[in-house]
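S.K.: Dropping a structure here in structure tokens format, bear with me for questions.
Rule-based calculations on the coordinates, nothing more; no lab input. Keep in mind that what you see is a predicted model, and the values were worked out from it rather than measured. All Cβ positions, glycine included, derive from the backbone under ideal geometry; neighbour counts span all protein chains shown.
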Amino acid sequence: MRRKLVVGNWKMYGSLESNKKLLEAVVEGLRDYRNADYVICVPHPYLCQAQTILQGTNIAWGGQNMHQYEAGAFTGSVAPHMLTDFGCTHVIIGHSERREMAHESDALIAAKFESAVRARLTPILCVGETREEHEAGKAHEVVGHQLDAVLERVGIANFAKGVLAYEPVWAIGTGKSASPDKAQSMHAFLRYRIAKHDRKAASELRIIYGGSVKVTNAAKLLAQPDIDGALVGSASLVAEQFILICRAAN
Ligand code: 13P
């Protein structure tokens with residue numbers, strides 16, 4: 001039985017003051033909901049604050065990105081061990097916003113995934129097709145390719161140490177999530193593809209859905225057999241909403 005996982009991705013939002021209120025409210029709201037796992041991925045400068053408020057609670061925290069190397073002359077970058085120094089357990093890898101804005105390639109994302117595993121971080125690998133690819137009927141091809149790029153580099157044993165997130169780009173920040181049926185069908189496809197490498201790993205891997213997950217659609221999405229949780233953007237910035245989504249997973 002796969003345990004549900006809800007990950008909040010704050011993206012580039014927050015301030016010391018607003019984070020404090022949000023984190024404290026979420027801690028309070030989820031204290032008695034211990035049948036699912038929760039992670040909040042904050043901007044790097046707030047990792048220390050997240051650690052201070054979340055340590056000892058049932059909520060973990062993580063980064064939204066990291067560099068693939070351990071150290072070096074890489075101005076503005078953050079190394080894997082810098083995340084673990086602040087108690088991070090997870091890191092988002094290959095978010096579509098980074099694939100697009102920072103031109104992160106499949107090869108780079110695979111390298112980051114490998115480094116995250118080496119640093120004992122759980123990588124949350126994002127895959128997903130754009131609207132154009134979706135409309136051209138290429139969703140499976142694109143997502144399959146993104147998956148294979150990482151699987152081929154790290155191997156199934158390391159891949160199984162991560163979490164996979166299906167985030168159709170056309171559903172992110174649009175208020176229009178994939179329908180539960182459509183999301184389920186892609187999750188089943190991903191699991192099937194991984195099962196070709198290792199059936200047990202595929203059956204144990206958590207595949208979470210992201211893209212306009214809201215209080216109104218969370219329960220239906222989470223009820224699908226191959227949807228093991230949610231990667232939540234804007235709704236993770238509002239305590240009441242994030243708490244209700246997490247409770248739906250619980
Ligand atoms: P929204 O929930 O705001 O659509 O964002 C999804 C996302 O990109 C999470 O990583």
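S.K.: Where q = 0.09, 0.12, 0.15, 0.17 Å⁻¹, what log10 of I(q)/I(0) comes from the Debye formula for the chain, counting one point per Cα?
M.R.: Rounded to two decimals, the profile gives -0.34, -0.63, -1.03, -1.35.
S.K.: In addition: Please order 15, 236, 105 by the number of other Cβ within 10 Å, starting at the fewest.
M.R.: Working: 15 9, 236 26, 105 12.
If I rank by nearby Cβ atoms, fewest first, I get 15, 105, 236.
S.K.: Using the 10 angstrom Cβ neighbour count as an exposure proxy, how do 186, 66 rank, fewest first? Mind showing how you got there, number by number?
M.R.: On the way: 186 22, 66 26.
Result, fewest neighbours first: 186, 66.
S.K.: Something else: How many percent of the alpha carbon pairs in the stretch 177-241 exceed a separation of 16 Å? List each step's numbers first, then the result.
M.R.: On the way: 946 of 2080 pairs.
More than 16 Å apart: 45 percent of the Cα pairs in the stretch 177-241.
S.K.: Something else now. Whole-Hz Karplus ³J(HN,Hα) for the stretch 33-41, in order, using 6.51 cos²θ - 1.76 cosθ + 1.60 and θ = phi - 60°, x for Gly and Pro?
M.R.: 10, 9, 9, 9, 9, 10, 9, 10, 9
S.K.: Same structure again: What FRET efficiency comes out for residue 52 versus residue 75 if R0 is 35 angstrom and r is the Cβ-Cβ distance? Round to the nearest 0.05. Provide the component values of the computation, followed by the final result.
M.R.: Values: r = 27 Å, r/R0 = 0.78.
According to the calculation, E is roughly 0.80.
S.K.: Going by amide H atoms built from the backbone, whose H comes under 5 Å of the H on residue 229, apart from near neighbours?
M.R.: 5, 209
S.K.: OK, next. For the chain, what is the calculated [θ] at 222 nm in deg cm²/dmol (nearest 500), taking -39500 (n - 2.57) for each run of four or more DSSP H residues and dividing by its residue count? Provide the component values of the computation, followed by the final result.
M.R.: Numbers: 11 runs with 115 residues, N = 250.
Calculated from helices alone, the mean residue ellipticity at 222 nm is -13500 deg cm²/dmol.
S.K.: All other residues with a Cβ under 13 Å from the Cβ of residue 144 taken together, and with Lys, Arg as +1 and Asp, Glu as -1, what is their net charge?
M.R.: Values: positive: 138, 191, 193, 196; negative: 106, 129, 133, 141, 148, 152.
The answer is -2.
S.K.: Under 5 Å between amide H atoms, partner at least 5 residues away or on a different chain: which partners does residue 60 have, H built in plane at 1.01 Å?
M.R.: Hits under the 5 Å cutoff: 38, 39, 40.
S.K.: Right, something else. In whole Hz and in residue order, list the ³J(HN,Hα) couplings for the stretch 88-105 that follow from phi through the Karplus curve 6.51 cos²θ - 1.76 cosθ + 1.60, θ = phi - 60°; x for Gly and Pro.
M.R.: 5, 10, 10, 8, 6, 10, x, 4, 4, 5, 7, 4, 7, 7, 9, 6, 6, 8
S.K.: Would you mind ranking 244, 16, 22, 125 by Cβ crowding within 10 Å, fewest neighbours first? Mind showing how you got there, number by number?
M.R.: Working: 244 17, 16 9, 22 22, 125 27.
Taking fewest neighbouring Cβ atoms as first place, the list is 16, 244, 22, 125.
S.K.: Are any of the pairs 182/214; 21/182; 21/220; 21/112 more than 25 Å apart by Cα-Cα distance, and if so, which?
M.R.: Beyond 25 Å between Cα atoms: 21/182; 21/220; 21/112.
S.K.: Here's another thing I want to ask about it. Name the residues of the stretch 220-250 whose amide N is less than 14 Å from a point 7 angstrom out from the Cα of residue 1 along the C-beta direction?
M.R.: Counting backbone N atoms under 14 Å from the label point, the list is 250.
S.K.: Specify the inter-centroid distance of the stretch 63-116 and the stretch 217-248, based on alpha-carbon positions, in whole Å.
M.R.: 25
S.K.: Non-local amide H neighbours of residue 129 (under 5 Å, H modeled in plane, Pro and chain starts lacking H): which ones?
M.R.: 169
S.K.: Separate question: Which value in nm describes the separation of the simple spin-label points at residue 85 and residue 141, placed 7 Å from the Cα toward the beta carbon?
M.R.: 4.5
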